[in-house]
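The structure appears below as structure tokens.
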Amino acid sequence: MGKTITTYLIDGTPKGVQTVVISNRTMKAYNIPRTRIDILKEEDRKELRTPALYILMGEDENGKPKAYIGETENFDKRVRDHINKKDFWQRAIVFVSQAHDKTKADVQYLEKKAVELAQEVNQITLDDNKQNPKNPTLTESQRSTDDEYFDDI
């Protein structure tokens, strides 16, 4: 079965801020260059202040792909710490729910799955991910819903 994916270029350029939405899904992805993190202040970006899975992407000192995978209840606040403490990243990919139906436990579960998959694939350096993500208590139906959400991610 096919899917329609809509990419919206907020700045009007492919190198700027983008949103990506799969039709009939609640997941929305933001692709935010570090140089445009000021977009978080915009009134239209309230969803970036809700529970989110995020990936900071860049390169290590040898030019190899490097990432940091995290979860937060408010990306707008969380990224401020990363700006000061993590120099490698050049782009943030942030996954939020347009339905505002994800909780802290949901994004912790998604973070755990993302870190495990990244480690399994072994294509990027994750040396800033020092802690093992939590495996939160979720019902079977919540895990099933989050697994579908993760498939979209």
Handout entry: Estimated dipole of the chain in Debye, rounded to 20 [Cβ of Lys and Arg +1, of Asp and Glu -1, Cα centre]
Key = 340 debye
Fill in the blank from the handout: Given the candidates ILE37, VAL21, GLY63, the one whose Cα lies deepest towards the positive end of the charge dipole of segment 1-63, counting +1 at each Lys or Arg C-beta and -1 at each Asp or Glu C-beta, is VAL21
Handout entry: the chain: calculated mean residue ellipticity at 222 nm from DSSP helix runs of at least 4, using -39500 (n - 2.57)
Key = -9000 deg cm²/dmol
Fill in the blank from the handout: Cα gyration tensor of the chain diagonalised, 5x eigenvalues square-rooted, in angstrom largest first, produces semi-axes 22, 20, 16
Exercise for the section: Principal axes first, then extents: for the Cα atoms of segment 1-53, list largest minus smallest coordinate on each axis, whole Å, largest first. Expected result: 38, 26, 18
Exercise for the section: Could you calculate the contour length gain from ILE153 to LYS64, that is, 0.36 nm times the residue separation minus the distance between their Cα atoms, to one decimal place in nm? Expected result: 29.8 nm
Problem - Over 18 Å (Cα to Cα) - which of LYS113/LYS134; LYS41/LYS86; LYS46/LYS102; LYS85/LYS113; LYS77/LYS112 fall in this group - result: LYS41/LYS86; LYS85/LYS113; LYS77/LYS112
Problem - Options VAL94, THR4, THR139, ranked by Cα towards positive dipole end of the chain, top entry (Cβ charges) - result: VAL94
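No lab work stands behind these numbers, since they all come straight from the coordinates. These figures come from a predicted structure and were not determined experimentally. Every residue, glycine among them, receives a Cβ derived from its backbone with ideal geometry; neighbour counts consider all protein chains shown.
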